[in-house]
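A short write-up of the structure that comes next.
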Amino acid sequence: MKSYNEMTTEELMALKEQLTSEYEDVKAKGLSLDMSRGKPAATQLDLAMDMLDVLTSSSILKSENGTDCRNYGVLDGIPEAKELMGAMMDAPADQVIIYGNSSLNIMYDTISRSMTHGVMGSTPWMKLPEVKWLCPVPGYDRHFAICEHFGIEMINVPMTEDGPDMDLVEKLVSEDDAIKGIWCVPMYSNPQGITYSDETVRRFANLKPAASDFRIFWDNAYCIHHLYFDEKAVLLDILKECEKAGNPDMVYKFGSTSKVSFPGSGIAALASSKANLEYIKKQLTLQTIGHDKINQLRHVRYFKNYDGLMEHMKKQADIMRPKFEAVLDVLDKELGGLGIGSWIAPKGGYFISFDALPGCAKAIVAKAKEAGVVMTGAGATYPYKKDPSDSNIRIAPTFPTPEDLAVAAEIFVLSVKLVSIDKLLESR
């Protein structure tokens, strides 16, 4: 297929006229399709409905250590829940705290605590003249929103095919003690679907930060969200690597079952060094007497163990995989070879990352919306919602039905083509 750059102005004008007609036809249908967030589809949620039948009024609601899950107590989670989440997160059970339903809540809380009370005896961050944070980009908008909320200055770090640019990370953290952390989505990253290489994980573990209270926020949100189980990614254990490197306290590892069972009704966990956990628990005991142990018990009795989790996720993958492949097929068929966009075919996670021509992302998202397809806002994958090149767009294929998804993908590529033609004509 001929690249748009190779076309004459006359050819581009003629193509624009044809595509505009197609676009107006689609727009006239008055569609309303949502590809804005990485939400599970109803068919995925249906897979876990049996979980609601696991516990009844006649169930024995005691954990394996005899704790009555109906009552107060057990600050850090029942033992079997710590075993289950530890297996999922690749962490020893005795280095896990079970929280409520949201890992995002744990991350927010961890930064909030650091702002007001410091990190294991350090000066509270709110008392420092400045606090900075490293943000691999493109990345997760809600991570960036937490930093912005607390007035933490964010510094962009480009992503490579192996993870964040570690040369830059090593340089920055070693030179500036105002840098207190970095966001990481190490497996099937949001939005690119990149899994950090072994070398990247080891380099993280061996960082020599100028700040003693520097922490890696390791948000392993997609650690079991494989699309292809025979090609699933393998991620080196950052906790073990930090211990080997003599930096056992440098990492917080986060995870949840939000996209495994029911978003908003799952269980979330934090794994870290025992020293970090003891410090956290001193303040956690002032916040709660314990999280929802009945829900913890429900999850354990339903999934039973890591193998049970994986069997469930294979069923999820069977629903999600065709959706990802449908979008990727449309991108390949309609945009391949045109020179107006690039994308990564992920092996897991929840998103497809698309890079348009510089200066086109906002216009593409707006054009798609005009035709009835709502997408994640352009710029959302960068701190302060400012994509320096205005090129990255996050595609979320999971929520729509397969039929709606096919239509949405067609509208998206039409929008890409039209905006790209305008951009090329403008530059001539």
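The values are calculated or read from the model by the stated rules, or taken from the named source; none is laboratory data. Keep in mind that what you see is a predicted model, and the values were worked out from it rather than measured. These area figures cover heavy atoms from the full protein model, side chains too; ligands, DNA and RNA do not enter into them. Shrake-Rupley method; radii C 1.70, N 1.55, O 1.52, S 1.80 Å.
For the set Thr160, Thr285, Thr195, Thr398, solvent exposure ranked by accessible area (probe 1.4 Å, protein chains only) runs largest to smallest as Thr285, Thr160, Thr195, Thr398.
Cross-link partners of Lys29 among lysines, defined as those whose alpha carbon lies under 19 angstrom from its own and excluding same-chain residues fewer than eight positions apart: Lys367, Lys369.
Applying a threshold of 29 Å to the alpha-carbon distances of Lys208/Lys274; Lys281/Lys386; Lys253/Lys282 flags Lys281/Lys386 as lying beyond it. The value of relative contact order for the chain, using C-alpha pairs under 8 Å at least six residues apart, is 26 percent. When the listed pairs Lys314/Lys347; Lys82/Lys314; Lys362/Lys423; Lys39/Lys323 are checked against a 18 Å cut-off, the alpha-carbon distance exceeds it for Lys82/Lys314.
Measuring spread by the Cα atoms of the stretch 170-238 yields a radius of gyration and Dmax of 13.6, 43 Å.
Computed over the chain with a Gaussian network model linking Cα atoms closer than 10 Å, the most mobile of Thr200, Thr43, Thr376 is Thr43. At full extension, Arg70 and Asn105 could sit 10.3 nm farther apart than now, given 0.36 nm per residue minus the alpha carbon distance.
Net length available on complete extension from Lys274 to Ile289 is 3.4 nm, with 0.36 nm assigned per residue and the Cα-Cα distance removed.
Surface calculation, 1.4 Å probe, protein heavy atoms: His225 sits at approximately 10 Å² accessible. Here the accessible area is traced with a 1.4 Å probe on the protein chains. For the chain, carbon and sulfur cover 50 percent of it.
Solvent-accessible surface of the chain, averaged per residue with a 1.4 angstrom probe and all protein chains in place: 42 square angstrom.
A 1.4 Å probe, protein heavy atoms only, puts the accessible area of Ser174 near 60 Å².
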